[in-house]
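Step one of this worksheet: look at the structure below.
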Amino acid sequence: MNTTVTEDPLLFLKPASSVIFDQGTIIIPALSQCLHHEVELGVIIGKKGKQIKERKAMNHVLGYLVALDITARDIQSTAKKNGWPWAIAKGFDTFAPLSDAVVKEKVPHPQELPLMLKINGAVRQNSNTNQMIYTLERIISFISDIMTLERGDLILTGTPEGVGELREGDVLEANLGSVCRLTVNVKRQ
């Protein structure tokens, strides 16, 4: 996405109202003319923790899912240009589609999974979690140094290349290998 890789992960928060599930609908809000998709591995926290050491980070994981981080890119671009937070661009209702979760015991190698997004049957993003910039351990440890992670918290871990625009009528199919799948559609408000 033509951005500089930072030493530490960048963080933003999404409200609970942004969550939808399989077969849900992403709503294009009236305030935006440009939504982008980002397929991501989601990590569900199973045990509360603060200042978690990397070597113990995976002890705090409950499971995994495949997620879409939807962004109002036009709003985000204005925010970036002005040094403003991204909360509006990332926080609209329906901007966090999530698959069903899978417990970690069923996913022995979470950083060795295919990660794919198809839109209207065409592959748009296709990578593997082994290409992530930061390890899961690093992400969990870093976040827990800033804020206490609570049971049930969800961390989206970043997206591979291929991010692009969504249009009304699109059907998105995301998968995390054979571990979990997610299908959603897009419509205008």
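Bear in mind these aren't lab numbers, they're just calculated from the coordinates by the rules spelled out. All values reported here derive from a predicted model rather than from experimental measurement. Counting neighbours? That spans all protein chains shown, and the Cβs are built from the backbone with ideal geometry, glycine included.
At-a-glance table
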{"read-out": "Helix axis angle, 136-146 relative to the chain longest principal axis, alpha carbon, degrees", "value": "90"}
{"read-out": "20 Å Cα-Cα reach of Lys48 towards aspartates and glutamates, excluding residues that sit fewer than 8 places from it in its own chain", "value": "Glu105, Glu137, Asp145, Glu150, Asp153"}
{"read-out": "Exposure proxy order (Cβ contacts within 10 Å, fewest to most) of Glu168, Glu161", "value": "Glu161, Glu168"}
{"read-out": "Tilt relative to the chain, helix 73-82 - C-alpha long axis, 0 to 90 degrees, to 10", "value": "70"}
{"read-out": "Spatially proximal lysines relative to Lys187 (Cα-Cα < 24 Å; intrachain offsets below 8 disregarded)", "value": "Lys14, Lys90, Lys118"}
{"read-out": "Neighbour-limited loop hits for GluC sites (Glu not before Pro), the range 71-153 (at most 15 other Cβ within 10 Å; DSSP other than H, G, I, E, B)", "value": "Glu112, Glu150"}
{"read-out": "Compactness of the range 39-96 - radius of gyration and Dmax, Cα, Å", "value": "15.4, 39"}
{"read-out": "Pairwise FRET efficiency - Gln51 versus Thr6, Cβ, R0 = 25 Å, nearest 0.05", "value": "0.75"}
{"read-out": "Burial ordering of Thr4, Thr78, fewest other beta-carbon atoms within 10 Å first", "value": "Thr4, Thr78"}
{"read-out": "Qualifying trypsin sites (Lys or Arg not before Pro) for the range 114-189 [loop in DSSP, other Cβ within 10 Å: at most 15]", "value": "Arg151, Arg167"}
{"read-out": "log10 of Debye I(q)/I(0), alpha-carbon scatterers only, for the range 115-189 at 0.27 Å⁻¹", "value": "-1.23"}
{"read-out": "Cβ-derived FRET efficiency at R0 25 Å, Ile133 paired with Ala101, nearest 0.05", "value": "0.60"}
{"read-out": "Reference-scaled alpha-carbon Rg (2.2 N^0.38 Å with N residues) for the chain", "value": "0.99"}
